[in-house]
Amino acid sequence: MAGPRRLKELVSSASERMTLPDGELVVALSGGADSAALAYLVLSGGRKPRALHVDHGLAYSATMRAAAKAIADEIGIALEVVETVVDEGPSPEARAREARYRAFGEGTGPDDRLLTGHTADDSAETVLINLIRGTGPTGLTGIPSFRPPNVYRPILALGRAETREIAALGGLSFVDDPMNLDPNITRNLVRRQMIPVLSQINPSLLEAIGRLSRQVRDDDELLDRLAGELRPRLEDDLASIPVGVLVTSPRPLADRVLAKMIAHVAGSDRVEVGAVERAWSVAHGDSGRQEIAAGASANREGPLLVISAGADDSRADGADEVDLSDSGRVLVGSLVFEVAARNGVCRVAPLSRWLALFPAGTRLTATPEGMVLADGEPAWVPGGERLPVAWYEPGASGYLVVSARRKPGWTSSR
């Protein structure tokens, strides 16, 4: 596959920046320049892949299918075509992507390694889109180099200008996907308007975003490992976790757990800062059951925050809080609270997680799941850590002693 000197230089440089997995390689050949260059590079490196093309059944699909066949013929690799149907509805790009990955699953086996032609430009666009949507730090990590169970992106270090030049100098009959010209698609606006403007400010925009993504990814992986210790319960279309675990955990970890729960129920593209904040609203008892994202609702069930599939149709109000300000014994859900007022000087600090002290005159209430609020602010979850407001400095005069215990016969199993 000899070519001009420029092509050899490009192939040499690109090959140094791409890593191919072991196993049988399958190139997702769309018919565009990026995947065409990927197939060319894989073959130039001495590996013999086969190609897989997904026909979306759209108006321009016949053109893309013909281009994929021409490219496969030109470089001498086998091509398999999988036909799929794109569901109707909003976000055509997202629905086409969902259909495409379903087809990838149909067209590959457990020993295949599917290679896609995502580039540094694609990753930068994803970062900017996620920044606009407010998806949080994870959205700033860009496109991952691996997507379970068998999808690899080996040319993420290459720019789109490089892949296009490789495909052109290699004499490959690629075509531009007409969907990339649709001004109604957010990615196209970012690609054709935002990035050119931002590149005037920083000509090395792609490299800068790439550095940011790598730095955020390192932090993200560490926080993910720490958040993994909180272990929400994930079922088919439901996720749950004790509210006490959330409110006594560092907020960055708790936010990640909520995002993981929402993604499990509604999909990762539904995870936005607003969705996490709405989940917190339900967890804190500020609102009852509500839809927190398209396809996911949050509700409190006893001590648990439950995120389930489906919209909120009931809009049920949460149960009322129980007043704990008066001395005596109060039953709240699975907990028995005992409150005693003391007029003297407080000379001790509580050591038990089941005991807390508050200044006299504090308005104390308990939510249905047992969280104690001090003047409306979360203060203490019995059996968990006390938040700062639940500490009472020894030496002050006039205080409330609040103890809690599990109601006999109560179990946390569901």
Open item on the list: Can you give me the Rg/Rh ratio for the range 231-309, using Cα atoms for both radii and the Kirkwood formula for Rh?
Closed with: 0.90
Open item on the list: Among ILE71, VAL336, LEU128, whose Cα projects farthest towards the positive end of the dipole of the chain, with charges put on the beta-carbon of Lys, Arg (+1) and Asp, Glu (-1)?
Closed with: VAL336
Open item on the list: For the ranges 31-40, 279-288, what's the packing order if you count other beta-carbon atoms within 10 Å of each residue, average per peptide, and put the highest first?
Closed with: 31-40, 279-288
Open item on the list: Just to be sure I understand the model, the point goes 7 Å from the Cα along the line to the Cβ. What's the resulting ALA78 to ALA309 distance in nm?
Closed with: 3.6 nm
Open item on the list: Please check: in the Gaussian network model of the chain (C-alpha springs, under 10 Å), which one of VAL27, VAL216, VAL197 has the largest mean-square fluctuation.
Closed with: VAL197
TODO: Provide the packing ranking of 75-82, 143-150, i.e. peptides ordered by the mean count of other C-beta atoms within 10 Å per residue, highest first.
DONE: 75-82, 143-150
Open item on the list: Less than 11 Å Cβ to Cβ from LYS260, Lys/Arg counted +1 and Asp/Glu -1: what total charge do the surrounding residues give?
Closed with: 0
TODO: Mind listing the long-range amide H neighbours of GLU80? Cut-off is under 5 Å, sequence gap 5 or more, other chains count too, H placed in the peptide plane at 1.01 Å from N.
DONE: ALA51, LEU52, HIS53
TODO: Just grab the label-to-label distance for ARG251 and ALA360, each label 7 Å out from Cα along the Cβ direction, in nm (one decimal).
DONE: 3.4 nm
Task: the chain, relative contact order [Cα under 8 Å, separation at least 6], % - done: 11 percent
Open item on the list: Using the Cα centre of the chain as the reference point, and only Cβ charges (+1 on K/R, -1 on D/E), how large is the resulting charge dipole? Debye, rounded to the nearest 20.
Closed with: 900 debye
Open item on the list: Under 10 Å, Cα contacts only: if you run a Gaussian network model on the chain, which one of ALA254, ALA275, ALA208 comes out with the highest mean-square fluctuation?
Closed with: ALA208
Open item on the list: For the chain, set up a GNM with springs between Cα atoms under 10 Å and report which of ARG251, ARG153, ARG300 has the largest fluctuation.
Closed with: ARG251
Task: Cβ charges +1 (Lys, Arg) and -1 (Asp, Glu), total dipole of the range 1-150, debye - done: 380 debye
Open item on the list: Assuming 0.36 nm per residue, please report the length gained on full extension of the stretch ARG95 to SER268 beyond their Cα-Cα distance.
Closed with: 60.9 nm
TODO: Answer with a single label: of (1) 1.13; (2) 1.29; (3) 1.01, which was calculated as Cα Rg over 2.2 N^0.38 Å from the structure in view?
DONE: (2)
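Only the coordinates and a few stated rules stand behind these numbers; no lab work does. Note that this is a predicted model, so its numbers are computed, not measured. Backbone-built Cβ (ideal geometry, glycine too); neighbour counts: all protein chains shown.
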